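Peer 1: There's a structure below that I have some questions on.
Since every read-out is calculated from the coordinates, none of them should be taken as a lab result. All of these numbers come straight from a predicted model, not from anything done at the bench. When we count neighbours, we look across all protein chains shown, and the Cβ atoms used for this are built from the backbone with ideal geometry, even at glycine.
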Amino acid sequence: NIKDIYDTIYFQGYNITDGCAKVEQGFPDSEEKSTILNFIRASKRGIIRANTSSEKGDID
């Protein structure tokens, strides 16, 4: 589930590298999972962290 992947990366308290590792190990293989992880890992400048004032689950 895409929302669960983003929740793990952004809202579980992990840094991006650790969050990606948790997603890699903890989620079944899917096209969505591969696309998200490949995008993050291929980024040369990194990705923006979620707004810390946002509540978990506010992602639509």
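Peer 1: Counting only C-alpha contacts under 8 Å and six or more residues apart, can you give the relative contact order of the chain as a whole percent?
Peer 2: 36
Peer 1: Would you check the chain for Lys pairs whose C-alpha atoms are within less than 17 Å, ignoring same-chain pairs closer than 8 in sequence, and give me the count? Mind showing how you got there, number by number?
Peer 2: On the way: Lys3/Lys22; Lys3/Lys33; Lys3/Lys56; Lys22/Lys33.
The result is 4.
Peer 1: Tell me the label-point distance for the pair Lys3, Glu32, using the 7 Å Cα-to-Cβ offset, in nm and rounded to one decimal.
Peer 2: 1.0
Peer 1: Spin-label point model (7 Å from Cα, Cβ direction): what's the Gln25 to Ala42 distance in nm?
Peer 2: Each label point is offset 7 Å from its Cα along the Cβ direction, giving 2.6 nm.
Peer 1: Between the stretch 32-47 and the stretch 1-20, what's the alpha-carbon centroid distance in Å?
Peer 2: Centre-to-centre (Cα) distance: 12 Å.
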